[in-house]
Amino acid sequence: MPSDYVTVEVNGHEADDASLSLLDHEGWGHFTAMQVRRGRTRGLDLHMARLEAAHREVYGRALGAEEIRGRIRHALHGKIDASVRVYGYWAGLIVTVREPQDMPRRSHTMTALHFQRPLARLKHVGSWGQGRFHEMALAAGFDEGILVDEAGRISEGTVTNVGFWRDGTVIWPDAPKLDGITMLLLRRQLTAAGHPQAEEPVRVQDLASYGGMILCNARGWAPVSRVDDMKIPADEAFVGVIASAFDGCPWDEI
């Protein structure tokens, strides 16, 4: 018997070729996360574009939107409200379905953490550091961590995007980050409504100069009231602009 012989079982059964292929590439997968309500989700075109682009970049293979949508519908089994994730791997697609989740729009707190996600533009699996820093933020009593570099430049949250408000303009960080679907939806809606936006460097030490801050991800959005010991102003106009943009996002049939 070769010295490198390995037996692999999945749930007590010998793994088939597809399972072994997934294990061979377990750190290479990519995914998207969405909330489904009444069989619909926001930004379906953005989810499809993310999965298709990432699959081409990671594996050099094409994915089709109709195939993805069909896999989601099949996994839902008629369930109309759910949290859904679609993972792209070398061997194909994995869809997970869980109970629906919404982000409470209460004020959230964040703590600054020195970390940069590798290949930040991709929503990929295997980023152990990202998950670890998220756990550290929660353990310290914060709702979320905010990722910064050595100079204090903000990129994103551990599992969120962040946005800021200054003089009537919505500011998005100019730094390596994931273009989250909810952030992209907000940007799309704000553009359609004619609200000014900009992308520029944002440093944690300068947060007092902004008039407000939000975080957002697939579960929704919420205002941020504090980063470590620094209180963040809560401009009602900013909250109103973001709420209107998010609530105005259309729902797409899957």
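The values are calculated or read from the model by the stated rules, or taken from the named source; none is laboratory data. Here the structure is a predicted model, which means the values were calculated and not measured. Here the Cβ is made from the backbone with ideal geometry for all residues, glycine too, and neighbour counts use every protein chain on show. Areas reflect the complete protein model, heavy atoms only, side chains present, ligands, DNA and RNA absent. Shrake-Rupley method; radii C 1.70, N 1.55, O 1.52, S 1.80 Å.
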Accessible area per residue of the chain at 1.4 Å probe, in Å²?
51
Can you list residues from other chains, or at least 5 along the same chain, whose modelled amide H is less than 5 Å from the amide H of Glu156?
Leu147
Extended-chain gain in nm, criterion 0.36 nm per residue less alpha-carbon gap, Asp45 and Trp28:
3.8 nm
For the residue pair Asp179 and Glu99, what label-to-label distance in nm results when each label sits 7 Å from Cα along the Cα-to-beta-carbon direction?
3.5
Along the dipole axis of the stretch 101-213 (charges at Cβ: +1 for Lys and Arg, -1 for Asp and Glu; origin at the Cα centre), the most positive-end residue among Ala140, Ala151, His108 is His108
Give, in nm to one decimal, the length gained when the segment between Asp229 and Arg61 is fully stretched (0.36 nm per residue of separation minus the Cα-Cα distance).
55.8 nm
Which whole-Hz ³J(HN,Hα) couplings does the stretch 48-62 yield from phi under the Karplus relation 6.51 cos²θ - 1.76 cosθ + 1.60, θ = phi - 60°, glycine and proline marked x?
5, 4, 4, 5, 5, 5, 5, 5, 5, 5, 7, 10, x, 10, 8
Roughly what would the spin-label model give for Ala53 and Met136, points 7 Å off Cα along C-beta, in nm?
2.9
Rounded to a whole number, what is D in µm²/s for the chain from Stokes-Einstein with the Kirkwood radius over alpha-carbon pairs (20 °C, 1.002 mPa s)?
109
Taking the alpha-carbon centroid of each part, what is the distance from the stretch 186-201 to the stretch 135-164 in angstrom?
22
Treat every Asp and Glu Cβ in the chain as -1 and every Lys and Arg Cβ as +1, leave all other atoms uncharged, and give the resulting dipole magnitude about the Cα centre to the nearest 20 debye.
680
Rounded to the nearest 10 degrees, the helix 181-193 long axis (Cα) sits at an angle to the longest Cα principal axis of the chain of 40
Looking at the stretch 127-202, which GluC sites (Glu not before Pro) are in a loop (DSSP not H, G, I, E or B) and have at most 14 other Cβ atoms within 10 Å?
Glu150
Have a look at the DSSP beta bridges in the chain and tell me what percent are antiparallel, nearest 5.
75
